[in-house]
1. Name the residues in the range 50-104 that are of a type in the set (K, R), more than 27 Å from K18 (Cβ to Cβ) and either in contact (Cβ under 8 Å) with a residue 12 or more places away in the chain or not in a loop (DSSP other than H, G, I, E, B) (or both), would you?
2. Identify, by number, the condition in (1) at pLDDT 95 or above; (2) at positive phi that G96 doesn't meet.
3. Any chance you could count how many residues in the range 48-86 are surrounded by fewer than 15 Cβ atoms within 10 Å (Cβ to Cβ) and of a type in the set (A, V, I, L, M, F, W, C)?
4. Scan the range 21-35 residue by residue and report those that are surrounded by 11 or more Cβ atoms within 10 Å (Cβ to Cβ) and farther than 14 Å from L57 by Cβ.
5. Identify all residues within the range 20-49 that are in contact with a Cys (Cβ under 9 Å, 6 or more places away or on another chain) and in a loop (DSSP other than H, G, I, E, B); write none if there are none.
6. Against the condition surrounded by fewer than 18 Cβ atoms within 10 Å (Cβ to Cβ) and touching a helix residue (DSSP H, G or I) at 6+ places or on another chain (Cβ under 8 Å), how does E89 come out, does it pass?
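The values are calculated or read from the model by the stated rules, or taken from the named source; none is laboratory data. These numbers come from a predicted model, not from an experiment. Here the Cβ is made from the backbone with ideal geometry for all residues, glycine too, and neighbour counts use every protein chain on show.
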Amino acid sequence: MNKYNNLSKQELVLKLTKAVFWNCDLELFDYKRDKDYIIKRIVECGLENDEIIMWKLFTYEEIKNVAVNIEYLEKEIITYMAFVLNIKEEEFKCYGVKPWYQKC
């Protein structure tokens, strides 16, 4: 049995990794209002635990719509998310985009 099965969605938010959301007070998060921010942060730098929670909080379409529109992701993250979402890497807005420090 999954340790998150009996928790409400708001309780799940409180289980997110504090280090990933270091600049936020998880107590003030509303999973509906802050959906885009939560998904973006988990895709960018979340841990396995955070990803499990993300899939419990949001639908496939919600996660896909946010993930493919993130401004920049490391190549490995794009590859992983494309596999998980069963889409092509080219569908990501940031596919082929260089990080800001390589543009100078």
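1. Applying the first criterion (of a type in the set (K, R)) to the range 50-104 yields 56, 64, 75, 88, 93, 98, 103.
Narrowing further to those that are more than 27 Å from K18 (Cβ to Cβ): 75, 88, 93, 98, 103.
Across the range 50-104, the qualifying residues are K75, K93.
2. The single condition G96 does not satisfy is (1).
3. 2
4. Residue satisfying the conditions is C24 alone.
5. Step one: filter the range 20-49 for residues in contact with a Cys (Cβ under 9 Å, 6 or more places away or on another chain), giving 20, 34, 37, 41.
Correct list: V20, D34.
6. Numbers: surrounded by fewer than 18 Cβ atoms within 10 Å (Cβ to Cβ): yes; touching a helix residue (DSSP H, G or I) at 6+ places or on another chain (Cβ under 8 Å): yes.
Criteria met by E89.
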